[in-house]
Amino acid sequence: MFLKNTWYVGARSEELTNKPLGRTICNERVVFFRGKDNEVCAVEDFCPHRGAALSLGYIEDGNLVCGYHGLVMGCEGKTIAMPMQRVQGFPKIKRHAVAERHGLIWIWYGDPDLADVSTIPSFEWTDNPDWVYAGGVYHVKSDYRLMIDNLMDLTHETYVHKGSIGQPEIDESPVHTFMEGDIVVTKREMNGIYAPPHWQAALKAAGLAPEAKVDRWQYSRFYLPSHIMIDVGVALAGRGGYNAAAQDKVSSTVVNFMTPETDSTHWYFWGMARTYLLDDSEFTKHVQDEQRRIFAQDLDVLQAQQENLSAYPDRQLLMLNIDSGGVQARRQIERAMKEARHIGSVTS
Amino acid sequence: MFLKNTWYVGARSEELTNKPLGRTICNERVVFFRGKDNEVCAVEDFCPHRGAALSLGYIEDGNLVCGYHGLVMGCEGKTIAMPMQRVQGFPKIKRHAVAERHGLIWIWYGDPDLADVSTIPSFEWTDNPDWVYAGGVYHVKSDYRLMIDNLMDLTHETYVHKGSIGQPEIDESPVHTFMEGDIVVTKREMNGIYAPPHWQAALKAAGLAPEAKVDRWQYSRFYLPSHIMIDVGVALAGRGGYNAAAQDKVSSTVVNFMTPETDSTHWYFWGMARTYLLDDSEFTKHVQDEQRRIFAQDLDVLQAQQENLSAYPDRQLLMLNIDSGGVQARRQIERAMKEARHIGSVTS
Amino acid sequence: MFLKNTWYVGARSEELTNKPLGRTICNERVVFFRGKDNEVCAVEDFCPHRGAALSLGYIEDGNLVCGYHGLVMGCEGKTIAMPMQRVQGFPKIKRHAVAERHGLIWIWYGDPDLADVSTIPSFEWTDNPDWVYAGGVYHVKSDYRLMIDNLMDLTHETYVHKGSIGQPEIDESPVHTFMEGDIVVTKREMNGIYAPPHWQAALKAAGLAPEAKVDRWQYSRFYLPSHIMIDVGVALAGRGGYNAAAQDKVSSTVVNFMTPETDSTHWYFWGMARTYLLDDSEFTKHVQDEQRRIFAQDLDVLQAQQENLSAYPDRQLLMLNIDSGGVQARRQIERAMKEARHIGSVTS
């Protein structure tokens, strides 16, 4: 069961070219395509004629033409035309409210009339000349909530990402989990340590001494339905950490959107936004490749964990202090689902 | 559920060499092999000794020897011999009536005693020096009836086979569906048009002007249980179309036998018989390769359609005039099944 | 259902290096690792913290460290430590009694307190300078009992292993099945025959005439829960067969341990121990490669047989005299299961 009346990330803008894109989201097949004026559309991936996959068709004049018998599907789920046919009586197919923001395609899975684009989150890093952003997408064979647990507890970096962003000090520093309104925050600070390889490279790239002692921070923030923004960075030790002056630190926001595909799989849209070396596109590419490589390490772990949990569904797990972020995030989801069930806006 | 007391195409003659061939047909495992005097046999692919797959064995003296412990299985499903064993009491395994006609192996899935080889359809193009034939077989992950729909409505050629046999005029010409006795016929004529690439090549090959205006025709005929013969061709415009003199036209019969494998998969035996360039074996090879390539385009479409229909089994589909051929064909199948159920000759 | 309070072979010693090994045995996931003093441990492959697969972790100071958040699991299934956590209250996970003998890791699937290493079988060929042993492991997609049937009736060698160890005379010689206490024995002797290729090579390697007439023997012995030792060999004809003097024969023991993975798959630990050419490690390697190649021929047969039996679960099979060994072995298993059920020591 998934929350419906909410915005999920359905695709990256660059995935939507001049061809339709079929994708399962929240257990339903959907096809995205660019309609008139490049505006993004999303309808069921099911031709009302004979059930062909519309995603195998092509785009013409802002409509999606079924590749089987030429039915022309419009952005609103209404059949526009079909050769030699009167189409007025054709049943409508489901359409989804959709919007393009921050280089991402957002999809509202519930009643389109309730969709309000002003509720799509805004981020400091988008359309902001002081930031640069790059990302990607992974298909992950695990419940999306296992990725939430993963990202709300960065202890795992010490083990899963040894040699890049992991270091023993993460593990040895306590975490604090608290709420900022509806937002779950997990905070960890490690002061007076040496930076791990990833941050040493960032310090060096920013003209700071890679071997200097630093204060390191990680703030993970969970937002419904399933977004996690992680403020991370290092400052020269004793300069104020997160609040240090710009020239004394390197920092970035790790951007994570988890979109359920099925009950046990999800789409993971990851990225990083940073405030240093803004004009260095080669460095941006390097960071993107590095993040792609590092985040792939999580997939094996999560997929094996999912197999274990599927094999032993009744098994109780531990909830330690380091798990508080994930536990609180799941509680937010459950609370929202309970409310949503009252108004019938949960998808099965 | 499938019709039993009827002939299906089980294999192409050339698939049956000096080795047995295991294949699932109508949800049952069967093994074909050439027995005495090259006569084709078909029995269950299940050794009565320990359940080994007989299709992994070998042929010796017209019998099939199990590759596990040497049980010798005869054409009639009776164990002939086994080293050191008395086999009289061995249970018989199911055997199927089978016959070789038109370069194809025909199998009767019901009571072998009811099988009448005279009811195997005959075709003008077989053993006829005025015709030449070539074909192939595809395994398709869809209900065989989706292929029937496909072939009884050639509208799809405009979309699926753009650039070879498709052209917009197909789409723009009305179809007529009617019965010829038990046979469902769908007919489409397009007069005074330019030939699409495939037919331009055929015109040229036959010494006619490829760029000439032509009258084009397509007559699809459905026969129980699941055969479709499609008469197709082009004649120089105004010379009588289908009835034009031989020197003014090029024509062929697209031959299609759909044999259920399981409820959602089938074997698709396709081919083409033509009346021009009879002695040009290179052209025959070219047409066969071209047909293999073109018909592969249907597989993706049908397989995605099957996935959609399996995901939403209760969804109503439209039945337009272009779908009449498929609808009527399915009605013939259902009628025959209903009759067959009365006499218990439907396989589950 | 499988016998629990018994020793199975879980792995080959050489599979356990400095990394943990995850493997499903009797429908349960287990992870093997070398603990303190190289002693082998086996616990559930399920981290008590969040269900991660412990087999993705690493070994440190004789404990298994979870690769996700660093929980340290001990050999006894008790959490030893976890950074920043008090672990006394952590639930124990299942641990299995385990022992290393004969180059194999033995695992007891029932109550560890009942495990008695003295009941691990001993073999003449282990730690014996008069023998040399080499083997391997296969994953087989069949019920482990199909492999028992296979090995208790070597008739199949004539068909499955034609050209190596098979020869018509196997098929033409009667077998005798009898009990030696709890042990099921199937015995076949073929006197005054020519050796098949495998044994010709062995004769030659041992300095005997490969083309000589020989007396050949095969004694298969089944031991609970699922081990089969096969004494095989050839002696120069008329010198006493199995009892011939060492210089007149070549012989070996084919070693087979079948360990259930799931109801329809198993791990097959195979090997061969011999008493000739003891110092020729190249010949040992050759025999091992040859056995790997020959035994792979069984896999296709068994996997197709399993598919057939799964498709037709109610089908009766024949039980011929050649099948007596397998039938008796299955009877031993069923009798032991029945006894075990009384004391609740059968795993589902």
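Considering only residues that are touching a residue at least 12 places away in the same chain (Cβ under 8 Å) and over 18 Å from B:Phe123 (Cα atoms), look in the stretch B:243-258 and name the one that is surrounded by the fewest Cβ atoms within 10 Å (Cβ to Cβ). Quick ask: steps written out before the conclusion?
Taking the stretch B:243-258 first, the residues touching a residue at least 12 places away in the same chain (Cβ under 8 Å) are B:244, B:246, B:248-258.
From what is left, the residues that are over 18 Å from B:Phe123 (Cα atoms) are B:244, B:246, B:248-250.
Working: B:Ala244: 20, B:Ala246: 12, B:Asp248: 18, B:Lys249: 25, B:Val250: 25.
Residue satisfying both the conditions and the ranking: B:Ala246.
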Taking the stretch C:180-239 and keeping residues over 19 Å from C:Gly271 (Cβ atoms), of a type in the set (D, E, K, R) and without any contact (Cβ under 8 Å) to a residue 40 or more places away in the chain leaves C:Lys187, C:Arg188, C:Lys204, C:Glu211, C:Lys213, C:Asp215, C:Arg239
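Any chance you could count how many residues in the stretch C:48-63 are more than 24 Å from C:Ser13 (Cα to Cα) and more than 7 Å from chain A (Cβ to nearest Cβ)? Steps first, please.
Let us first name the residues in the stretch C:48-63 that are more than 24 Å from C:Ser13 (Cα to Cα), namely C:48-52.
Narrowing the set further to residues that are more than 7 Å from chain A (Cβ to nearest Cβ) leaves none.
So the answer is 0.
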Which listed residue, of C:Asp45, C:Asp61, is surrounded by 24 or more Cβ atoms within 10 Å (Cβ to Cβ) and of a type in the set (Asp, Glu): C:Asp45
Scan the stretch B:315-334 for residues that are among the polar types (S, T, N, Q), within 13 Å of chain A (Cβ to nearest Cβ) and in a helix (DSSP H, G or I) and jot them down. B:Asn321, B:Ser324
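For the stretch A:18-63, what are the residues that are touching a Cys at 6+ places or on another chain (Cβ under 6 Å) and in a loop (DSSP other than H, G, I, E, B)?
Start the filter on the stretch A:18-63 by keeping residues that are touching a Cys at 6+ places or on another chain (Cβ under 6 Å), which leaves A:33, A:35, A:41, A:47, A:52, A:54, A:57.
If the condition is that a residue be touching a Cys at 6+ places or on another chain (Cβ under 6 Å) and in a loop (DSSP other than H, G, I, E, B), then A:Gly35, A:Cys47, A:Ala52, A:Gly57 are the ones that fit.
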Failed condition for C:Val40, given (1) surrounded by fewer than 23 Cβ atoms within 10 Å (Cβ to Cβ); (2) of a type outside the set (Gly, Ala, Ser); (3) within 14 Å of chain A (Cβ to nearest Cβ): (3)
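Where in the stretch A:137-234 are there strands (runs of 3 or more DSSP E), lying wholly inside it, with at least 1 residues that are out of contact with any Pro (no Cβ under 6 Å at 6 or more places or on another chain), within 19 Å of A:Met272 (Cβ to Cβ) and of a type in the set (Gly, Ala, Ser)? Walk me through it before giving the result.
On the way: elements: A:176-180, A:183-194, A:213-223.
By residue number, A:213-223.
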Restricting attention to the stretch A:284-311, which residues are in contact with an Asp or Glu (Cβ under 7 Å, 6 or more places away or on another chain) and among the aromatic types (Phe, Trp, Tyr)? none
Going residue by residue through the stretch A:264-285, is there one that turns out to be assigned to a helix (DSSP H, G or I) and either crowded, with 17+ Cβ neighbours inside 10 Å or among the β-branched types (Val, Ile, Thr) (or both)? yes
Quick one: would you say C:Val184 is β-branched (Val, Ile, Thr), under 24 Å from C:Glu124 (Cβ atoms) and buried (at least 22 other Cβ atoms within 10 Å of the Cβ)? yes
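Go through B:Cys26, B:Cys66 for me and flag whichever is within 14 Å of chain C (Cβ to nearest Cβ), more than 28 Å from the chain's Cα centre (by Cα) and crowded, with 18+ Cβ neighbours inside 10 Å. Outline the logic, then answer.
Details: B:Cys26 fails: more than 28 Å from the chain's Cα centre (by Cα).
B:Cys66 is the lone residue from the list that is within 14 Å of chain C (Cβ to nearest Cβ), more than 28 Å from the chain's Cα centre (by Cα) and crowded, with 18+ Cβ neighbours inside 10 Å.
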Taking into account only those residues within the stretch B:153-179 that are touching a residue at least 60 places away in the same chain (Cβ under 8 Å) and of a type in the set (Ser, Thr, Tyr), which is surrounded by the fewest Cβ atoms within 10 Å (Cβ to Cβ)? B:Ser164
Residue satisfying condition, being over 19 Å from the mean Cα position of the chain (by Cα), crowded, with 21+ Cβ neighbours inside 10 Å and over 27 Å from A:Ser13 (Cβ atoms), within set A:Ala201, A:Ala195: A:Ala195
Looking at the stretch A:69-108, which of the residues that are crowded, with 24+ Cβ neighbours inside 10 Å and within 15 Å of A:Lys36 (Cβ to Cβ) is farthest from the other protein chains (Cβ to nearest Cβ)? A:Val98
Would you be able to tell me the number of residues in the stretch B:64-112 that are of a type outside the set (D, E, K, R), assigned to a strand (DSSP E or B) and more than 12 Å from B:Trp7 (Cβ to Cβ)? 7
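Taking A:Glu124 as the residue in question, decide whether it is of a type in the set (Asp, Glu) and at pLDDT 95 or above.
Numbers: of a type in the set (Asp, Glu): yes; at pLDDT 95 or above: no.
No: the conditions fail for A:Glu124.
In the stretch B:286-304, how many are more than 20 Å from the chain's Cα centre (by Cα) and either in a loop (DSSP other than H, G, I, E, B) or aliphatic (A, V, I, L, M) (or both)? Write out each step before concluding.
Step one: of the stretch B:286-304, the residues more than 20 Å from the chain's Cα centre (by Cα) are B:286, B:304.
The next check asks that each one be either in a loop (DSSP other than H, G, I, E, B) or aliphatic (A, V, I, L, M) (or both); those that pass are B:304.
Here the count works out to 1.
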Going through (1) more than 23 Å from C:Phe2 (Cβ to Cβ); (2) away from every other protein chain (no Cβ under 14 Å); (3) among the charged types (D, E, K, R); (4) in contact with a strand residue (DSSP E or B) (Cβ under 8 Å, 6 or more places away or on another chain) one by one, C:Asp130 fails only at (4)
What are the pairs with Cβ atoms under 6 angstrom where one residue, in the stretch C:84-108, is over 19 Å from C:Asp127 (Cβ atoms) and of a type in the set (D, E, K, R) and the other, located anywhere, is at pLDDT 95 or above and in a strand (DSSP E or B)? Sequence gap at least six, or different chains. C:Lys94/C:Glu44; C:Arg95/C:Val43
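The values are calculated or read from the model by the stated rules, or taken from the named source; none is laboratory data. Predicted model, so just to flag it, every value in this text is computed and none were measured. Cβ sites come from the backbone with ideal geometry, for glycine too, and all protein chains shown count toward neighbours.
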